[in-house]
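**Q** Here's a structure for you.
Here, each number is a calculation from the coordinates, and none is a lab measurement. What you see is a predicted model; the values in this text were computed from it and never measured. All Cβ positions, even for glycine, are placed from backbone atoms using ideal geometry, and neighbour counts span all protein chains on display.
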Amino acid sequence: MDLFSTGLMSGIGFLAVVLVMLRFESIGGWTLGEVAFLAGMIEMSFGLMDMVFGGFDPDWFSGVVQSGRFDQFLLRPVNLATQLLGANFLLRRLGRVLEGIVFFGLSLWLTPVSWSVAKLLYLPVVVLSQVVAMGSLFMVGSGLIFWTVQRIEAVNILTYGGVELMSYPVHIYPRWLQRFFTFGVPFVFLNYYPALYFLDKPDVLGFPVFAPFWAPLAAAGMLLMAIWFWRFALRHYQSTGS
Amino acid sequence: MAMIQVANLVKTFTVNQRGGGLRALFAPRRRTVTAVKDISFALQEGEMVGYLGPNGAGKSTTIKMLTGLLVPSSGEVLVDGMIPWKNRIRYVQKIGVVFGQRSSLWWDLPVMDSFDLLQAMYSIPRERYQRNLKMFREILELDDFLQLPVRSISLGQRMRAELCAALLHEPQLLFLDEPTIGLDVVAKERIRTFIRYVHEERHATIVLTTHDLTDIERLCERVMILDHGKILYDGALKQLLERFEGQRRLVVTLADPLAAPRLPGLAEPRREGAQVFYSFDPKTHSAAQILAMLNEEQTILDVEVRRAGLEDTIRRIYEQQLLFPVDDRTGKAN
Amino acid sequence: MGLRQQMAYRLAMWAGLATNLFFGLLRVIVLIALYQAQLSVNGMSLQQAITYSAVAQSVIAFLTVFGSSDLMRTVYSGAIATDLVRPVGFYGYWLARDFGGSLVNLVGRGLVFLLLFRLFYAVDLPNDVIAWLCFGVSLALGWWVSFSWRFLVNLASFWTPDALGVGRALFGISQLFSGFIMPLRLMPDWFRQWSEFTPFPSMVNTPIEIYVGLLSGAELWRALLWQAGWALALFGVAQLVYAAGIRRLVLQGG
């Protein structure tokens with residue numbers, strides 16, 4: 001039941017879009033099936049990330065730091081990140097993964113995709129990249145809590161907002177937003193460009209041919225930054241206490 | 001080499017000043033608070049020290065630095081040859097920590113599961129784990145609630161479980177922070193007995209932070225008193241009591257209480273029914289002297305000597321500021 | 001409230017507004033992309049759709065679109081015992097309490113949000129006083145319907161220990177059918193027809209369509225009556241369910 005309601009909650013937003021697209025038929029030149037491809041992918045990945053990186057969820061983590069429970073983690077002879085990865089595992093978050101699968105399935109049913117071995121091999125790589133990239137955002141959000149104690153709403157805009165953003169083709173966004181998500185937080189390479197590759201769609205933004213394959217690079221880059229920041233934040237915590 | 005060596009330890013915090021209106025939002029006024037102002041001490045292996053001090057004295061800050069949770073502003077800490085906050089994982093393997101006010105166990109899991117998880121985390125060899133577990137189960141009587149989730153056991157039960165948890169990996173150094181807080185008298189005594197056992201049988205080095213002075217009386221030979229970030233006293237408990245105990249009271253039941261005299265060098269006695277209370281300073285008078293003086297004229301029916309407890313003594317020390325920080329440049333205690 | 005608390009509260013409010021604004025703007029971008037060159041879809045122009053989204057986002061807090069769980073929490077904590085002893089009617093008590101908080105949100109969150117939104121996109125205003133009045137009435141009715149709905153959902157706590165989970169699912173569904181996520185007019189006709197069987201459109205879609213000026217004359221009156229009908233119906237159902245629930249609660253011993 002919990003699984004279902006969680007999946008429903010996150011699916012409602014996109015369901016509304018699906019219904020609306022029944023009337024409009026396309027958005028930015030992309031059909032419903034193609035948009036569902038984007039949304040399905042990112043929802044699956046976010047759900048997986050939410051399960052794996054649950055301990056880094058800023059909402060939960062802020063409670064841990066505020067109550068002083070975080071010290072317990074520091075007193076155990078196990079790597080901190082390892083402890084946190086398992087600390088807040090919620091099975092019901094699988095609901096979001098299932099919801100993503102439903103939309104992804106819808107997309108495959110509506111849109112013919114010419115699969116090749118290369119595409120099938122790259123698909124899990126893209127999912128993994130998305131999981132790692134969003135996990136990095138969680139990590140940064142939690143790291144910030146060492147300074148502010150209360151969670152920062154702005155991080156939600158990047159994580160939950162990011163999922164929404166990546167559910168639509170990037171060229172519908174104003175130029176400044178596109179640039180931000182290319183050079184600032186590389187969302188563009190995580191979902192949109194790989195989708196161009198899978199769906200055999202032309203690139204209207206004029207990026208290099210290899211852009212669809214930059215997803216793992218973008219994810220790796222974000223992860224490295226997040227780890228660096230996390231270590232920095234931890235050091236700050238240890239010199240100022242709670 | 002000493003087990004714990006602390007030299008010139010200092011910890012300063014910058015705290016944001018509260019209030020201040022709109023200005024506070026853009027340029028918050030910051031205040032530096034020095035929680036620990038240059039303390040030094042050494043603890044030998046196998047020693048148990050009671051760590052005392054009023055709230056805000058800097059006790060928990062010191063403990064955090066000793067357990068690696070906090071990095072000092074300056075000074076040195078060497079525990080068993082290691083610096084606590086460096087190489088965290090290796091260091092933490094060697095110590096056991098019990099916080100009275102926070103649980104180290106997994107709240108929703110049965111107590112036994114917490115122990116199993118700890119075995120995995122500390123990589124305790126199976127044989128040693130089983131052996132210790134069996135022993136602690138017996139001594140601490142854990143079997144009644146071993147399968148219950150931590151959230152549903154009583155405080156006394158939880159403290160016993162926490163002690164077991166902290167000792168499963170056989171650390172030679174223990175930090176106990178208010179282990180008897182909130183417990184009833186019987187439970188407190190149990191915990192104290194167990195701590196004594198660990199100290200004597202296992203020769204563990206123990207730092208006991210507590211507000212309960214009976215804990216100190218029962219367990220510690222050595223005490224350290226901290227106030228305002230400085231060490232006021234570091235030495236034997238007995239000597240502390242001898243120096244600062246203050247007045248004792250001789251309570252005599254007289255046949256004719258109204259005739260109780262005022263004795264030379266002593267204050268006016270207090271009368272309560274048939275009992276007469278004489279306060280005296282044990283340094284200048286002895287109970288025997290006073291009794292002898294009384295016996296000359298009065299008929300004494302019953303005698304009792306009451307000493308000021310450790311609690312009263314400590315209170316006097318705080319209130320009247322009878323102790324000054326140890327000046328460790330000259331090395332002289334006051 | 002201490003100044004520090006006020007600061008924290010205000011920061012949280014701004015943070016909430018920022019999130020609101022983000023999702024609101026995102027929705028508008030999607031709408032613009034959807035409309036492309038079309039002037040009007042099913043009678044709704046792009047500008048009207050944009051205004052719709054802006055107003056919808058601004059009344060989130062007022063209408064408590066995401067649902068509330070205060071009532072069920074008092075049931076689970078046992079605090080409800082003190083509430084039941086009060087001389088005021090239970091429903092009336094929660095109504096008054098909720099309305100006070102909501103009103104603050106209308107100005108605090110609602111108005112400020114619209115002002116911020118106008119920095120990015122133009123927001124239309126109703127044409128005349130009568131339009132404003134109708135909107136006001138409709139919004140009040142919408143609020144009432146929303147309240148009764150939330151009241152009912154929270155009453156689930158009388159029957160199940162997992163009212164929170166039930167609530168999450170139900171509130172999610174109500175969001176979809178209320179026209180909050182996307183205007184109902186932009187959804188397929190069959191969907192719109194089905195949603196009329198639920199009270200949800202009366203909460204968000206109707207008042208905002210009145211604001212945007214899509215309903216007028218006979219249609220307007222019909223819509224208002226329909227809303228009022230739902231408001232009364234839910235009110236009645238709430239009373240019945242409450243009575244049944246209290247009986248159960250008392251029998252069970254709380």
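**Q** Under the rule of -39500 (n - 2.57) per DSSP H run of 4 or more residues, summed and divided by the residues of chain A, what mean residue ellipticity at 222 nm is obtained, to the nearest 500 deg cm²/dmol?
**A** When only DSSP H runs of four or more count, the value is -23000 deg cm²/dmol.
**Q** I've got another one for you. Run the numbers on chain B and let me know its relative contact order in percent, using alpha-carbon pairs under 8 Å that are six or more apart. Intermediate values should be presented prior to the final figure.
**A** Numbers: 570 pairs, mean separation 59.8, N = 334.
In percent, rounded to a whole number, it is 18.
**Q** Please give, to one decimal in nm, the separation of the simple spin-label points placed at B:S123 and C:V104, each 7 Å out from Cα toward the Cβ.
**A** It is 5.5 nm.
**Q** Report the Cα centroid-to-centroid distance between segment B:32-65 and segment A:150-208 in angstrom, as an integer.
**A** Comparing the Cα centres of segment B:32-65 and segment A:150-208, I get a distance of 53 Å.
**Q** Now for a separate question. Rg/Rh for segment C:34-136 to two decimals, with Rh computed the Kirkwood way over all alpha-carbon pairs. Could you put the intermediate results ahead of the total?
**A** Values: Rg = 19.1 Å, Rh = 16.7 Å.
When Rh is taken as the Kirkwood radius, the ratio is 1.14.
**Q** Which residue, A:V65, A:V78, A:V17, tops the fluctuation ranking in a GNM of chain A built on C-alpha contacts under 10 Å?
**A** Of A:V65, A:V78, A:V17, the most mobile in the Gaussian network model is A:V78.
**Q** Could you give the length gained by full extension between B:E272 and B:N55, i.e. 0.36 nm per residue of separation minus their alpha carbon distance, to one decimal place?
**A** 74.5 nm
**Q** Stretch B:E45-B:S152 to full length: gain in nm at 0.36 nm per residue minus the Cα-Cα span?
**A** 34.8 nm
**Q** Quick one: what do you get for the protein assembly as shown if you divide its Cα Rg by 2.2 N^0.38 Å? List each step's numbers first, then the result.
**A** Values: Rg = 34.9 Å, N = 830, 2.2 N^0.38 = 28.3 Å.
Output field value: 1.23.
**Q** Could you work out which residue, out of B:R248, B:R306, B:R88, moves most in a Gaussian network model of chain B, that is, has the largest mean-square fluctuation with Cα springs under 10 Å?
**A** Among B:R248, B:R306, B:R88, the largest GNM mean-square fluctuation belongs to B:R306.
**Q** Treating cross-link reach as a plain straight distance, find the lysines whose alpha-carbon is under 30 Å from the alpha-carbon of B:K188, omitting any fewer than eight places away in the same chain.
**A** By straight Cα distance, B:K188 reaches B:K59, B:K64, B:K94, B:K134, B:K230, B:K238.
**Q** Round to the nearest 10 and give me the degree value, 0 to 90, for the angle of helix B:287-297's Cα axis relative to the longest principal axis of chain B.
**A** 20 degrees
**Q** For B:K37, B:K134, what ranking results if the residue with the fewest other Cβ atoms within 10 Å of its Cβ goes first? Provide the component values of the computation, followed by the final result.
**A** On the way: B:K37 16, B:K134 10.
Ordered by Cβ neighbours within 10 Å, fewest first: B:K134, B:K37.
**Q** Whole-Hz ³J(HN,Hα) for each residue in segment B:300-312, computed from phi via Karplus 6.51 cos²θ - 1.76 cosθ + 1.60 with θ = phi - 60°, x for glycine and proline: what do you get?
**A** Along segment B:300-312, the couplings run 9, 9, 7, 9, 8, 10, 10, 9, 5, x, 4, 4, 4 Hz.
**Q** Using 0.36 nm per residue, how much length does the chain from B:A2 to B:K86 gain when fully extended, once their Cα-Cα distance is taken away?
**A** Extra length from B:A2 to B:K86 when fully extended: 28.3 nm.
**Q** Mind putting a number on the dipole of the protein assembly as shown about its Cα centre? Charges go on the C-beta only, +1 for Lys and Arg and -1 for Asp and Glu, and I need it in Debye to the nearest 20. Don't skip to the answer; put the middle values down first.
**A** Numbers: 72 positive and 65 negative charges, 274 e Å.
It works out to roughly 1320 debye.
**Q** Along Cα→Cβ, 7 Å out, is where each label goes; now give me the distance between the ones at B:D143 and C:A12 in nm to one decimal.
**A** 5.0 nm
**Q** Take chain C, connect every pair of alpha-carbon atoms lying under 10 Å apart with a spring to form a Gaussian network, then pick out the residue of C:S77, C:S138, C:S202 with the largest mean-square fluctuation.
**A** Of the options given, C:S77 has the highest mean-square fluctuation.
**Q** Whole-Hz ³J(HN,Hα) for each residue in segment A:60-66, computed from phi via Karplus 6.51 cos²θ - 1.76 cosθ + 1.60 with θ = phi - 60°, x for glycine and proline: what do you get?
**A** 6, 5, 5, x, 5, 6, 4
**Q** Under 25 Å Cα-Cα from A:K119, which lysines qualify once same-chain neighbours fewer than 8 residues away are excluded?
**A** A:K201
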